[in-house]
Amino acid sequence: MIISMKLHAKREEIDQVRRQVEEFGYKVHSIEGEERVVIGVVGVGDVTACMESVEAMPQVEKVVRISAPYKFVSREFRPERTQIRVNGTTIGGDQFVVMAGPCSVESEKQIMYAAEGVARAGAKILRGGAFKPRSSPYDFQGLETEGLKLLKKAKTATGLAIVTEVMSDRDVSLVAEYADILQVGARNMQNFVLLKELGKCGRPVLLKRGLSSTLKELLMSAEYITAHGNANVILCERGIRTFETATRNTCDIAAIAALNELTHLPVILDPSHATGKRSLVPALSRAGVAIGADGLIVEVHPAPEKAISDGAQSLDLNQFQKMMDDLKPYVGLWQEARAAENEKRVAVPA
């Protein structure tokens with residue numbers, strides 16, 4: 001449920017409500033605005049008795065039951081968009097953010113060249129895999145710790161933030177030392193031990209949709225991270241598995257619009273994994289901007305034909321620069337729409 005306090009409620013009044021809720025065995029999570037405090041309540045069991053008790057308190061304006069099974073990440077809990085600050089860039093705000101880089105960190109020369117190129121084209125965050133989950137045990141598995149060190153070196157040289165995948169709960173603290181955003185790959189979306197650990201990592205998390213997962217399942221996985229202490233979660237639509245074979249996956253482009261209605265978390269699109277073909281990446285990227293994604297994560301390699309992994313879906317640096325140039329008018333319209341949304345929200349009385 002959501003408890004909305006009266007305007008300018010005092011700290012001791014807010015704490016009194018928190019204690020009352022905790023006596024019923026529920027967890028509380030507060031959102032504190034300049035004038036009003038909203039308290040979210042989650043737990044197991046019938047919340048009716050707790051609702052009636054809290055509603056009777058004079059400092060409480062109203063109490064509303066959250067109907068969605070995912071509580072903290074629902075729009076019911078937080079109507080306005082969550083904005084996540086990363087290395088001077090805000091994801092989920094009025095800035096369309098592009099993350100770009102190679103599938104795998106292969107060498108210092110490769111990652112430095114890629115980082116300089118995507119930064120020059122306008123990307124704000126460098127992607128690159130140090131730990132790589134591969135379908136075959138014989139494929140390249142990544143440079144691991146050495147790859148993390150190379151990513152950090154690229155960040156120092158270019159100023160780009162780093163997003164890279166973490167595959168195991170045992171590696172969370174290690175990856176968090178080097179990365180600004182920890183990515184959960186599609187195969188790990190329901191690795192609940194990993195999700196719980198990410199709730200304690202102190203870094204934003206990029207959560208990719210599973211290969212055959214519903215939006216509800218994606219949001220429940222995000223709820224795991226948030227419920228364990230980390231509200232900075234970015235959702236990623238990267239295509240799902242269907243009967244279609246013309247593309248690597250089937251991009252559920254409507255999922256972005258649906259998620260924007262269901263959750264306050266930022267939502268980005270991965271056009272590279274969604275299609276598996278570099279020729280389709282620019283068109284799908286334009287669609288992502290048009291439908292309201294908060295950003296893109298794109299695979300870019302200095303020499304895709306020599307890439308150790310995912311070369312067929314990677315743009316080269318010239319192709320990425322052209323795509324970024326072509327996206328500018330779409331991003332301009334996106335910014336106008338986001339500004340209009342913000343004005344509408346401000347105009348609505350509290």
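The values are calculated or read from the model by the stated rules, or taken from the named source; none is laboratory data. What you see is a predicted model; the values in this text were computed from it and never measured. In this analysis, Cβ positions are derived from the backbone assuming ideal geometry, glycine residues included, and neighbour counts consider all displayed protein chains. Only protein heavy atoms, including side chains, enter the accessible area calculation; ligands, DNA and RNA are left aside. Shrake-Rupley method; radii C 1.70, N 1.55, O 1.52, S 1.80 Å.
Table: residues versus (1) modelled with pLDDT of 95 or more; (2) in contact with a Gly (Cβ under 9 Å, 6 or more places away or on another chain); (3) closer than 30 Å to S4 by Cα.
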| residue | (1), (2), (3) |
| --- | --- |
| S67 | no, no, yes |
| E76 | no, no, yes |
| M99 | yes, yes, no |
| P102 | yes, yes, no |
| A115 | yes, yes, no |
| Y138 | no, no, no |
| Q141 | no, no, no |
Original post:
Does the stretch 205-215 contain at least one residue that is among the small types (G, A, S) and open to solvent by 60 Å² or more (accessible area, probe 1.4 Å)?
Top reply: yes
Original post:
Which residues, taken from the stretch 294-329, are farther than 30 Å from V105 by Cβ and under 24 Å from the mean Cα position of the chain (by Cα)?
Top reply: none
Original post:
Condition test on K109, is it at pLDDT 95 or above, farther than 30 Å from G332 by Cβ and in contact with a Pro (Cβ under 9 Å, 6 or more places away or on another chain)?
Top reply: yes
**OP:** Take G202 and decide whether it is in contact (Cβ under 8 Å) with a residue 12 or more places away in the chain and out of contact with any Leu (no Cβ under 9 Å at 6 or more places or on another chain).
**Re:** yes
Original post:
Of all the residues that make up the stretch 35-71, how many are in a loop (DSSP other than H, G, I, E, B), closer than 25 Å to K10 by Cβ, of a type in the set (A, V, I, L, M, F, W, C) and in contact (Cβ under 8 Å) with a residue 60 or more places away in the chain?
Top reply: 0
**OP:** Name every residue in the stretch 11-23 that is over 28 Å from N232 (Cβ atoms) and touching a residue at least 24 places away in the same chain (Cβ under 8 Å), in order of residue number.
**Re:** E13, Q16, Q20
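A quick yes/no check of all residues on (1) modelled with pLDDT of 95 or more; (2) surrounded by 11 or more Cβ atoms within 10 Å (Cβ to Cβ); (3) within 32 Å of the chain's Cα centre (by Cα):
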{"position": "K27", "(1), (2), (3)": "no, yes, yes"}
{"position": "S30", "(1), (2), (3)": "no, yes, yes"}
{"position": "V44", "(1), (2), (3)": "no, no, yes"}
{"position": "T48", "(1), (2), (3)": "no, no, no"}
{"position": "V63", "(1), (2), (3)": "no, yes, yes"}
Original post:
When only residues in the stretch 308-318 that are in contact with a strand residue (DSSP E or B) (Cβ under 8 Å, 6 or more places away or on another chain) and assigned to a helix (DSSP H, G or I) count, which is least open to solvent (accessible area, probe 1.4 Å)?
Top reply: Q313
**OP:** Find the residue count for the stretch 75-106, including only residues that are of a type in the set (S, T, N, Q) and open to solvent by 50 Å² or more (accessible area, probe 1.4 Å).
**Re:** 3
